[in-house]
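Here is the structure we will look at.
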Amino acid sequence: MSIVKELRCSYCGAPIQFKPGEIIATCRYCGYTVVIETGKAFTFEHSMLLNKYNPESVEEPARDWMRSGFLKPPDLAKKARFIEKTLMYLPFWVVSAEAESTYKGVFERLNPPMVKEGKISKKYSWLVLAIKASDFPTREYDVPLEGKVPYDFRRIEEFAKVLNSEIDREEAVEIAKQQITEHHRFLAQQDVDKIIEMRNEIKVNETVYLHAPVWLVKYEYKGKVYTLWLDGASGTVIKGEIPQTKIGLF
Ligand SMILES: [Zn+2]
């Protein structure tokens, strides 16, 4: 277990707890957000998404997910037993960027191979998870940003866990740029077989610090435990483990 440290909230005086490695912390009692290293107020936009579920009602979208799709055991929704339902407000950096890539590559599927040029131009609200050790599937999370409101501690449920950021803004921007570059490389590779040259220009417009409600749900089915991540704002299952069904081997 990591050691929990404490500092006083300079707005309401309550203790703010944080763990080693955390960079930005939010007061549970008044919503004041502080940069731990300097002790000064966090000055960038801090937003949140609102959670719609409680520990009872969250079972409904989870069971709906169990009932849908072809790959699940037909009795999954009926037989699954929930053993853990934890609401967490995960910290993210949302990096708004315009990215343009130009590339030159070889299209090898033709004989003789052909040199081809192309351009990718896109706008993103790129999501960077602000905690380092987590198996949260960020790339599969289609964050419903249209529901974003200013951070309000009064809308955080008693039973919820609010996680602090371990990544500062500059680092988040760097991560976003790297991931966008990789993504564009992937897109270019759909067009040409071998990239000879690629130039990327990424213009960052805005970064927002965001707490988003995510449910970590564990359920038991036929003696085994499975995990699913559910978006508390929309009820969508972001990613879920499905019990293997044994349909004849071939
Ligand atoms: Zn406070």
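The values are calculated or read from the model by the stated rules, or taken from the named source; none is laboratory data. Note that the structure is a prediction, hence the values are computed from the model and not measured. We place every Cβ from the backbone using ideal geometry, glycine too, and count neighbours over all the protein chains shown. Side chains are part of the model used for accessible areas, which takes the heavy atoms of the whole protein and leaves out ligands, DNA and RNA. Shrake-Rupley method; radii C 1.70, N 1.55, O 1.52, S 1.80 Å.
Is the range 58-145 best put as rounded, prolate or oblate by its Cα gyration tensor, with a ≥ b ≥ c the root eigenvalues, rounded for a/c under 1.5, and otherwise prolate when a/b is larger than b/c, oblate when not? Verdict is oblate for the range 58-145.
Applying 1/(1 + (r/R0)^6) with r as the Cβ-Cβ distance of residue 190 and residue 145 and R0 = 35 angstrom yields a FRET efficiency of 0.85.
Each residue was assigned an accessible area with a 1.4 Å probe, and for residue 122 the value is about 90 Å². Across 208, 128, 192, mean-square fluctuation computed from a Gaussian network of the chain (C-alpha pairs under 10 Å connected) peaks at 192. Excluding same-chain neighbours fewer than eight residues apart, the aspartates and glutamates reachable from residue 203 by a Cα-Cα span under 13 Å are 98, 100, 174. Counting only aspartates and glutamates at least 8 places from residue 218 when in the same chain, those with an alpha carbon closer than 18 Å to its own are 56, 59, 60, 64, 75, 84, 135, 231, 241.
When +1 charges are put on Lys and Arg Cβ atoms and -1 charges on Asp and Glu Cβ atoms, the dipole computed for the range 1-60 relative to its Cα centre reaches about 360 debye. In plain terms, the chain from residue 102 to residue 68 could stretch by 8.1 nm, reckoned as 0.36 nm per residue minus the Cα-Cα distance. Rounded if a/c is under 1.5, else prolate if a/b beats b/c, else oblate: with a ≥ b ≥ c from the C-alpha gyration tensor eigenvalues square-rooted, which is the range 1-150? Oblate, because a/c is 1.5 or more while a/b does not exceed b/c. For a paramagnetic label modelled on residue 37 (point 7 Å from Cα along Cα→Cβ), amide N atoms under 16 Å away belong, within the range 162-194, to 165-175. Pick out which of 88, 66, 114 has the largest mean-square fluctuation in a Gaussian network model of the chain, springs linking Cα atoms closer than 10 Å. Checking each option, the largest mean-square fluctuation is seen for 114. Would you mind classifying the chain by shape? Square roots of the alpha carbon gyration tensor eigenvalues, ordered a ≥ b ≥ c; an a/c under 1.5 is rounded, otherwise it is prolate if a/b is larger than b/c and oblate if not. Oblate shape, in that a/c is at least 1.5 and b/c is the bigger or equal ratio. Taking every lysine pair in the range 1-114 that is 8 or more places apart or spans two chains, those with Cα atoms closer than 19 Å amount to 4.
The residues neighbouring residue 113, those whose beta-carbon lies less than 15 Å from its own, together hold a net charge of 0 under the Lys/Arg +1, Asp/Glu -1 convention.
Separation of the range 187-245 and the range 28-43, taken as the distance between their Cα centroids, equals 29 angstrom. Taking only the alpha carbons of the range 143-250, we obtain Rg and Dmax values of 20.1, 56 Å in that order. Placing unit charges on each Cβ (+1 for Lys and Arg, -1 for Asp and Glu) gives the chain a dipole about its Cα centre, and among 38, 221, 55 the Cα reaching farthest toward its positive end belongs to 221.
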